[in-house]
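Beneath this line is the structure, given in structure tokens, with notes to follow.
The values are calculated or read from the model by the stated rules, or taken from the named source; none is laboratory data. Just so we're clear, the structure is a prediction, and the values are computed from it rather than from any experiment. Every residue, glycine as well, gets a Cβ built from its backbone with ideal geometry; the counts of neighbours run over all protein chains shown.
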Amino acid sequence: MFITGISLFCSFILVIFSAVLFWKESPLQKANRFLAITFMLLAGWNFSKLYLYYALSSESDFLLSFYFPVDSVFAMCIGPAIYLYVCILFGGNTFNWKKHIRYQALPLLCAVLYLIYFAINSPNNRIAILHDEHYTNNWMIVGLNFLFYAQSVFYFESCLLKVYNFRTSGYILLTNKQQTNIRWLVYLFCFGLIAIYLNISVCTLASSIQMRAFAEMSIIDSLIIYILIQSVWRTGLSMQEISTPLLVTERALMLNSEQTKVYFEKLCDKLETSKIYLTPNCTLEIVAKLTDMSLHQLSNLINSNSENNFSDLINKYRIEYACMLICDKQKRYLTLEAIGFECGFGSRSNFNRAFKKHTYKTPTCFQSEQSKAVKPC
């Protein structure tokens, strides 16, 4: 059948592509290897669905007797895997494995338990379960589907938000003095969300397990083809556009004190209007690109016109924005941790440390003072 041939082709191609991505040298090799694992999970999910669909369509009880719902296990791993890939991509060496992995365990555990429950049945019972017209209405299947869809939507939207935060820098990620365009991730996550919502709609309307398997295969194949097109046609099997090295050795600006003040004021205006400091990955390289200056020139300009270094200057703007959010009555629902993340800080501890350095108060103390100030007499 046409759909089985397409699915088989897509899965094999994705496995080969994952191997290339895993071994190819890149400034983002650590993250790319995790992306390769994600694609392997996607291929495994497709292989399992293909086997089930072929066994049902050929009405072969012999093939059905060897089917086990490993596709549920693969499916539960895809959302967390792509989320961890994005975290590694943006977090680099600061990525905390223990903090992230422990939150991904419950849905996967449910899928593994269902796999064990299904496997301990006799072959005849497993075949009877798959032939049951009400199989898809079983409370365990409904529960697994709900966990998968809720998990997938959450992770894909979270990944899309993380990438979208780089819009002010033109979706340029800087690693090891290399510029990498990650705009393709925006399209990938948007396409993934559309695929998930289509899958939810089809599976809600279709009660037949064969029809559901057909719909899921079609959607997975579309996603795989999209990934391959994005990679082969635009990025050359690296999943990033061609990187360009940054120039780090350029002459300093030869300006007098008055001229440097003018340039520094323009820099501050640029920071205030673009609000680039709100991006978690606001580095010296990104601001230099925004202001059309070299790293050396920008660093000299800041050091000669401010008591702060680059990091302190960025944190100064972030803290001022955080104070504005804390004082805003319409933002009172935000927690201090949420405010810190919205201002570009990667962790609560970094936010607290910078806030106390620039205001001589903790965020909690400042928030408490503002709350008392607005209370009616």
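What the table below lists for this structure:
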read-out	value
Any hit, the range 309-323, residues being among the charged types (D, E, K, R), outside any helix (DSSP H, G or I) and either more than 27 Å from the chain's Cα centre (by Cα) or assigned by TED's automatic domain parsing to the domain that holds LYS162 (or both)	no
Conditions (1) closer than 21 Å to ASN165 by Cβ; (2) surrounded by 14 or more Cβ atoms within 10 Å (Cβ to Cβ); (3) free of Cβ contacts under 8 Å to residues at least 40 places away in the same chain: number failed by SER299	(1)
Condition met for ASN350 (over 31 Å from the mean Cα position of the chain (by Cα) and closer than 21 Å to ILE276 by Cα)	no
Single match in TYR103, TYR67, TYR85 (criterion: among the hydroxyl-bearing types (Ser, Thr, Tyr), modelled with pLDDT of 90 or more and in the same structural domain as PHE148 (by TED's automatic domain parsing))	TYR67
Among residues of the range 1-42, those that are without any contact (Cβ under 8 Å) to a residue 60 or more places away in the chain and of a type in the set (A, V, I, L, M), counted	10
Residues satisfying the stated conditions in the range 196-214, i.e. of a type in the set (Gly, Ala, Ser) and assigned to a helix (DSSP H, G or I)	SER201, ALA213
Qualifying residue in the range 207-221 (condition: of a type in the set (A, V, I, L, M, F, W, C) and either at pLDDT below 65 or over 30 Å from LEU35 (Cβ atoms) (or both))	yes
Any hit, the range 52-64, residues being aromatic (Phe, Trp, Tyr), buried (at least 16 other Cβ atoms within 10 Å of the Cβ), within 22 Å of the chain's Cα centre (by Cα) and part of a helix (DSSP H, G or I)	no
The range 274-286 - residue that is part of a helix (DSSP H, G or I) and either free of Cβ contacts under 8 Å to residues at least 24 places away in the same chain or of a type in the set (Ser, Thr, Tyr) (or both) and, of those, nearest to LYS357 (Cα to Cα)	TYR277
In the range 16-28, the residues that are part of a helix (DSSP H, G or I) and crowded, with 17+ Cβ neighbours inside 10 Å	PHE17, SER18, LEU21
Total residues in the range 273-325, condition closer than 19 Å to ALA338 by Cβ, of a type in the set (A, V, I, L, M) and touching a Phe, Trp or Tyr at 6+ places or on another chain (Cβ under 6 Å)	1
All positions within the range 324-341 that are in contact with a helix residue (DSSP H, G or I) (Cβ under 9 Å, 6 or more places away or on another chain), over 18 Å from THR279 (Cα atoms) and either assigned by TED's automatic domain parsing to the domain that holds VAL86 or assigned to a helix (DSSP H, G or I) (or both)	ILE326, CYS327, LYS329, LYS331
Members of the range 342-372 found to be in contact (Cβ under 8 Å) with a residue 24 or more places away in the chain and assigned to a helix (DSSP H, G or I), listed by number	GLU342, PHE351, ALA354, PHE355, LYS357, HIS358, THR359, PRO363, THR364, PHE366, GLN367, GLN370
Sole residue being surrounded by 20 or more Cβ atoms within 10 Å (Cβ to Cβ) and either under 28 Å from VAL86 (Cβ atoms) or within 26 Å of the chain's Cα centre (by Cα) (or both), chosen from PHE341, PHE345	PHE345
Matching residues, the range 349-377, being charged (D, E, K, R) and modelled with pLDDT of 85 or more	ARG353, LYS356, LYS357, LYS361
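One line per residue, one yes/no per condition, for (1) part of a helix (DSSP H, G or I); (2) at pLDDT below 90:
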position: PHE118; (1), (2): yes, no
position: ASN121; (1), (2): no, no
position: ASN125; (1), (2): yes, no
position: VAL142; (1), (2): yes, yes
position: SER158; (1), (2): yes, yes
